[in-house]
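Structure record follows, encoded as structure tokens.
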Amino acid sequence: MGLTHPIALLALTAEGGRLARQIQTTFPGSEVYGMTGRVTDCDIPFTQTGDTVIDLFQAGRPIVAICAAGILIRILGPHLADKQT
């Protein structure tokens, strides 16, 4: 069963960006999203974490975020219909 959308590897720090590049080797076609000013080695730079995560989520993209889980919970919580969807 293949993914319909490429995995978005989201990094907020330089160290996270390095880890995202390592993970990317396991998932061909995945893209590294890196926060501007912190992550220089990325495929797609971004400046607004919340907007980027919401856009990826609403587009149905699988997201692997290299950051504190609480950040994602606060960003995505209001966009979840329930625990199963």
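Numerical summary
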item: Among residues of the range 41-71, those that are under 11 Å from the mean Cα position of the chain (by Cα), open to solvent by less than 70 Å² (accessible area, probe 1.4 Å) and not aliphatic (A, V, I, L, M), counted; result: 7
item: 3 or more residues of a type outside the set (D, E, K, R) and in contact with a helix residue (DSSP H, G or I) (Cβ under 9 Å, 6 or more places away or on another chain): qualifying strands (runs of 3 or more DSSP E) within the range 1-62; result: 8-11, 31-35
item: Yes/no for Arg38 being modelled with pLDDT of 95 or more and open to solvent by 90 Å² or more (accessible area, probe 1.4 Å); result: yes
item: Every residue from the range 24-35 that is more than 15 Å from Leu12 (Cα to Cα) and open to solvent by less than 60 Å² (accessible area, probe 1.4 Å); result: Gln24, Gly29, Ser30
item: Arg74 vs. criteria among the charged types (D, E, K, R), part of a helix (DSSP H, G or I), surrounded by 14 or more Cβ atoms within 10 Å (Cβ to Cβ) and on the phi < 0 side of the Ramachandran plot; result: no
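The values are calculated or read from the model by the stated rules, or taken from the named source; none is laboratory data. The structure presented is a predicted model; accordingly, all values stated were derived computationally and were not measured. Cβ coordinates were reconstructed from backbone atoms using ideal geometry, including for glycine residues, and neighbour counts include every protein chain displayed. Protein only, heavy atoms only, side chains kept; ligands, DNA and RNA dropped before computing areas. Shrake-Rupley method; radii C 1.70, N 1.55, O 1.52, S 1.80 Å.
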